[in-house]
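K.L.:
Before we start, here is the structure in question, set down as structure tokens.
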Amino acid sequence: DLYRITFTNRGAHIKSWILKKYDDDKRQPLDLVNHLAADKYGYPLSLWTYDEGQRNRLNSALYVASSSGTLNAPSKITFVYADGDVAVRKSFSFDHTYAVHVETSVMSKGSQVAAYPVWPAGFGDQVSLASYAASQINYQYNSNIERLAIKKVSGGSTLHQPFNWAGVTDQYFAAVFIPDDSQNSALVTLRNPLNVPKNPKNPNSQDTAPVEMLGAAVGNPSGPTVARLYVGPKALTTLESVPVPTIVGAEQDLRGLINFGFWGVIARPLFLWLRWTYDFIHNWGWAICIQTLIINLALMPLRISSMKSALKMQKIQPHMNSIKEKYKKYGMRDPRRQEMNTEIGELMKREGVSPVGGCLPLVIQMPFLFAYYSMLGSALDLRHARWLWIPDLSSPDPYHILPIGIFFTMLFMQRMTPQAGMDPSQQKLMNVMMPVMMGFLSWNFASGLCLYWAEGNLIAIVQQMVMNRTSLGREMREMAAKRARKKEK
């Protein structure tokens, strides 16, 4: 019920690895074998050796299979090949999980050959240039997890060190080996060039772009390789169900394959909460809307307090400027400069103004924004998730409605926020530049992140409208208008 694998006895490798619960961009069952790359660099579960001639020989030989036809899990299949010099045995066992048990052994003239099972080149869901760029080599030993981006991977390089698991990943899927003997294992990193169509929906052999393909071979350098190979989604619940008992000092599963980034301490709970919300309403877009509303309501008291502090800061800005003007004639190292700081501090204390109070909303919101960006980039559940006009919340808005909405909501919010202490010409520039910059940055962001951002802006607009109706807000607007009239004269 999870996958359908097609073997060939020519090389005893896998021609297709279809995940039944996932589809590709054409809404067809997803084949995780990247056939464009596999035709050039080999198919999954072929063997990698340091001798290229021997490698080609092992992967093109005609093996004898223990069975043929269709097998249903749980089951086992064994491939053997032998000639006068070489004896090869490859055995695969299947159960009701995404992990396949792999045993390989190559003997040459009575001696063991270092021949590792390999996932040689990328994944079948990689269709865009960005999806190829997201590939990484990942491995873990106890609490240490390493993530090697393409530029840090050296093709054909061997890492001899203990591994709990190691393999290749892209944004949403992974193929990682879990060796039974984590102390005696080696990882060979593979990196190869490939030309792919720039437009996968309308492939043209004359319109291609170069990309780099990553692969990984893992095995025992001094004996037969015995391991499990996880080939499947980077879904949190699925990864947590794959036991890795050799891990010490960290969770004994594959959850480390998901990289929530620096803000993982926030991103992971946010995702668990988002998934819990989805279980009730069964739509990821509306789940994001509800979560955004709750987050903003929870932050509202502190936001209002910070907005009041910012308005008060603007109110005393002219007084602060006059103090600075009085001490402008003194050099930066003049001791009398300290008197200026003292006067400004007393002014702020007398007026009840915090120097950082107006920055707190941004400081508080940014971790959530960064965490959302990290979460949506890792959350497989949002892949191909629909919401209103958006077909995929993990991809950019196809009509760019949300980025445009971010631009206009920021523009409106900038214009309605009184800034009495700012020069009118600077204020006009900022009122345009900030929305333009934010709209540009969000143009190709994931739709789910833009949805969170745009809704947060709408809530902020409502809050600012309420603040503008207070006596302090009206006073600040009058001060700003007075300053603008004075500037014009």
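The values are calculated or read from the model by the stated rules, or taken from the named source; none is laboratory data. Computed from a predicted model, the values in this text were never measured in an experiment. Every residue, glycine among them, receives a Cβ derived from its backbone with ideal geometry; neighbour counts consider all protein chains shown. These accessible areas exclude ligands, DNA and RNA; they are computed on the full protein's heavy atoms, side chains included. Shrake-Rupley method; radii C 1.70, N 1.55, O 1.52, S 1.80 Å.
K.L.:
Using a 1.4 Å probe and ignoring any ligands, DNA or RNA, find the accessible area of LEU302 and quote it in Å² to the nearest 10.
P.N.:
Roll a 1.4 Å probe over it and LEU302 shows about 80 Å².
K.L.:
Related question: Projected area of the stretch 164-304, taken from the Cα convex hull and averaged over every viewing direction, in nm²?
P.N.:
In nm², the orientation-averaged hull projection of the stretch 164-304 is 13.6.
K.L.:
Compute the FRET efficiency between HIS96 and MET433 as 1/(1 + (r/R0)^6), taking r as their Cβ-Cβ distance and R0 = 41 Å, and round to the nearest 0.05.
P.N.:
0.15
K.L.:
Continuing with this model, one more query. Report, in order of residue number, the helices in the chain meeting two criteria: a C-alpha extent of 15 Å or more along the helix axis, and a mean Kyte-Doolittle hydropathy of at least -0.5; treat each whole DSSP H run as one helix.
P.N.:
Membrane-span-like by this rule: 264-281, 284-315, 360-378, 401-416, 424-441, 447-468.
K.L.:
Given the Cα-Cα distance of THR78 and GLN183 and 0.36 nm per residue of separation, how much length would full extension add, in nm?
P.N.:
35.2 nm
K.L.:
Compute and list, largest first, the equivalent-ellipsoid semi-axes of the chain from the alpha carbon gyration tensor, each √(5λ) rounded to a whole angstrom.
P.N.:
So the three semi-axes of the chain are 58, 24, 20 Å.
K.L.:
At 37 °C and 0.692 mPa s, what whole-number value in µm²/s does Stokes-Einstein give for the translational diffusion of the stretch 1-145, with Rh from the Kirkwood sum over Cα pairs?
P.N.:
197 µm²/s
K.L.:
Still on this structure, please answer the following. Residues with amide H under 5 Å of ARG228's amide H, sequence separation 5 or more or different chain, H placed in the peptide plane at 1.01 Å from N; which?
P.N.:
VAL102, ILE178, ASP180
K.L.:
Next question. At SER322 and PHE370, where each label point lies 7 Å from the Cα along Cα→Cβ, what is the point-to-point distance in nanometres?
P.N.:
The answer from the label model is 4.1 nm.
K.L.:
How much accessible surface area, in Å² rounded to 10, belongs to the heavy atoms of VAL466 with a 1.4 Å probe?
P.N.:
Counting only protein heavy atoms, the figure is 90 Å².
K.L.:
Place a +1 charge on the Cβ of each Lys and Arg in the chain and a -1 charge on the Cβ of each Asp and Glu, then give the dipole magnitude about the Cα centre in debye, rounded to the nearest 20.
P.N.:
Using Cβ point charges on Lys, Arg, Asp and Glu, the chain gives about 2500 debye.
K.L.:
Taking R0 as 60 Å, what's the FRET efficiency between MET465 and ALA65 from their Cβ-Cβ distance, rounded to 0.05?
P.N.:
0.25
K.L.:
Given points 7 Å out from each Cα along the Cα-Cβ axis, report the ALA250 to TYR399 separation in nanometres with one decimal.
P.N.:
Modelled inter-label distance: 4.4 nm.
K.L.:
Let me ask another. Work out the charge dipole of the chain with +1 on the Cβ of Lys and Arg and -1 on the Cβ of Asp and Glu about the Cα centre, then indicate which of LEU272, THR470, ASN138 is farthest towards its positive end.
P.N.:
Going by the Cα projections, it comes out as THR470.
K.L.:
List the aspartates and glutamates whose Cα sits under 16 Å from the Cα of LYS328, skipping any in the same chain fewer than 8 residues away.
P.N.:
Correct list for LYS328: GLU339, GLU343.
K.L.:
Which whole-Hz couplings ³J(HN,Hα) result when phi for each residue of the stretch 160-177 is put into the Karplus expression 6.51 cos²θ - 1.76 cosθ + 1.60, θ = phi - 60°, listed in order with x for Gly and Pro?
P.N.:
9, 6, x, 9, 7, 7, 7, x, 10, 9, 10, 5, 10, 9, 8, 9, 10, 8
K.L.:
Just reorder ASP397, ASP85, ASP334 by solvent-accessible area, largest first, 1.4 Å probe, all chains present.
P.N.:
Ranked list, largest accessible area first: ASP85, ASP334, ASP397.
K.L.:
Determine the per residue accessible area of the chain with all protein chains present and a 1.4 angstrom probe, expressed in square angstrom.
P.N.:
50 Å²
K.L.:
For the stretch 385-393, what does the Karplus curve 6.51 cos²θ - 1.76 cosθ + 1.60, with θ = phi - 60°, yield as ³J(HN,Hα) per residue in whole Hz, taken in order and with x for Gly and Pro?
P.N.:
With the stated coefficients, the stretch 385-393 comes to 7, 8, 7, 6, 7, 8, x, 8, 6 Hz.
K.L.:
For a quick check of understanding: with a 1.4 angstrom probe and all protein chains in place, what accessible area in square angstrom does TRP286 have, to the nearest ten?
P.N.:
Approximately 120 Å² of TRP286 is accessible to the 1.4 Å probe.
K.L.:
Could you let me know the centre-to-centre spacing of the stretch 437-475 and the stretch 240-290, using Cα atoms, in angstrom?
P.N.:
28 Å
K.L.:
Using 0.36 nm per residue of separation minus the Cα-Cα distance, give me the extension gain between SER143 and GLU339 in nm, one decimal.
P.N.:
65.3 nm
K.L.:
Say each of PHE280 and ILE294 gets a label point 7 Å from the Cα, pointing the same way as Cα to Cβ; how far apart are those two points in nm?
P.N.:
With each label point 7 Å from Cα toward Cβ, the separation is 0.6 nm.
K.L.:
How much of the calculated P(r) for the stretch 75-213 lies past 24 Å, in percent of all Cα pairs?
P.N.:
44 percent
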